[in-house]
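Only one structure is covered here, and it is reproduced in the block below.
The numbers here are math on the coordinates, done by the rules we state, and not lab data. Computed from a predicted model, the values in this text were never measured in an experiment. Positions of Cβ are generated from backbone atoms using ideal geometry, with glycine treated the same way; all protein chains shown enter the neighbour counts.
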Amino acid sequence: MFTKVKTRMVTFRLSDEEFYSFRKVCISEGFGSFSELIRAGIQEVLANRHGNSAEALRAELEKLNARVEEIGRDVKQLKTLRRRKFDDIAPVSP
């Protein structure tokens, strides 16, 4: 995957407790560095500000899945009705 060249640097201080907490999260979540963790956190904050949070997207996906299932049931019902209608008008052979 292509990543943009990072030319800007941000520095901030952490307490020992914050440092070890961040380190624990990096390890447990598979981040390769504090930078990756912090960048992901900031991206999540920005996404939430614009209504694109993972939760909002997940909720929208669930709505779409429910709608697709509903349409599938409607199609199945239409096929059944069509088959019944066809059976009613089809000539019976002796």
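Placing +1 on the Cβ of every Lys and Arg and -1 on the Cβ of every Asp and Glu, with nothing else charged, gives the chain a dipole about its Cα centre of roughly 460 debye. Is any residue of the range 26-50 close enough, with backbone N under 18 Å, to a label point placed 7 angstrom from the Cα of residue 14 along the Cα-Cβ axis, and if so, which? From the range 26-50, the list is 26-45.
Helix content alone sets the calculated 222 nm mean residue ellipticity of the chain: runs of n ≥ 4 DSSP H residues at -39500 (n - 2.57) each, divided across all residues, give -24500 deg cm²/dmol.
Counting neighbouring Cβ atoms within 10 Å and putting the fewest first, the residues 3, 80 line up as 3, 80. Each of (1) 215; (2) 155; (3) 111 is a candidate for volume of the Cα convex hull per residue in Å³; the one calculated from this structure is (1).
Positive end of the dipole of the chain (Cβ unit charges, origin at the Cα centre): among 59, 26, 45, the Cα lying farthest that way belongs to 59. The order of 5, 10, going from fewest to most other C-beta atoms within 10 Å of their C-beta, is 5, 10.
Can you compute the label reach from residue 35? Point 7 Å from Cα along the Cβ direction, backbone N cut-off under 20 Å, restricted to the range 5-29. Within reach of a label on residue 35, which here means backbone N under 20 Å from a point 7 Å along Cα→Cβ, the range 5-29 contributes 5-14, 19-20, 22-29. Taking a straight line from the alpha carbon of residue 6, these lysines sit under 30 Å away, with near neighbours fewer than eight places off in the same chain left out: 24.
Any idea what angle helix 16-29 forms with the longest principal axis of the chain, computed on alpha-carbon atoms, 0 to 90 degrees, nearest 10? Here the helix axis deviates by roughly 30 degrees.
By the rule of a C-alpha distance below 27 Å, with chain neighbours fewer than 8 residues away ignored, the lysines paired with residue 76 are 63, 85. Ordering 38, 89 by the number of other Cβ atoms within 10 Å of each residue's own Cβ, fewest first, gives 89, 38.
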